[in-house]
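Structure first, commentary second.
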Amino acid sequence: MRVSKTTPRVVVEVVSGDRLDLVALANQESVNLTTVLRWIQRGMRAAAGGTVRLEAFMRGKKWLTSRAAVERFFSALRQSEVTA
């Protein structure tokens, strides 16, 4: 895969091996798979306002994300709680 300046960070992370299966993420966080899909598609409302979405992309019919993207997602939610 050719990477350019406009390639989303999550794509680069997945291609370089930092892939996280959505079912594994759901199990890890003790939530339903539909909750993880909601984090991707609609996001979560941040305490400080606005919406935080889990970075992911579709390849064929499958959603892919990375461990780093999950960390950024939860970090952004924690940051909004601290600043609120």
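The values are calculated or read from the model by the stated rules, or taken from the named source; none is laboratory data. The structure presented is a predicted model; accordingly, all values stated were derived computationally and were not measured. Note that each Cβ is placed from the backbone with ideal geometry, even for glycine, and that neighbours are counted across all protein chains shown. Side chains included, ligands, DNA and RNA excluded: accessible areas come from the protein's heavy atoms. Shrake-Rupley method; radii C 1.70, N 1.55, O 1.52, S 1.80 Å.
For the chain, the longest principal axis of the alpha carbon atoms and the long axis of helix 67-83 meet at an angle near 20°.
Can you compute the helix-only [θ] at 222 nm over the chain? Use -39500 (n - 2.57) per DSSP H run of at least 4 residues, normalise by all residues, nearest 500 deg cm²/dmol.
Only helices count here, giving -14000 deg cm²/dmol.
For region 9-84, the set of trypsin sites (Lys or Arg not before Pro) satisfying both a DSSP loop assignment and a count of at most 15 other C-beta atoms within 10 Å is given as Arg42, Arg53, Lys61.
Protein heavy-atom surface of region 1-80, 1.4 angstrom probe: 50% of the accessible area is carbon and sulfur, with nucleic acids and ligands not counted. With all protein chains kept in place, the per residue accessible area of the chain amounts to 68 square angstrom at a probe of 1.4 angstrom.
Here the contact order of the chain, divided by its residue count and restricted to Cα pairs under 8 Å and six or more residues apart, works out to 32 percent. Per the Debye formula on identical point scatterers at the alpha carbon atoms of the chain, with no solvent, log10 I(q)/I(0) at q = 0.16 Å⁻¹ is -0.63.
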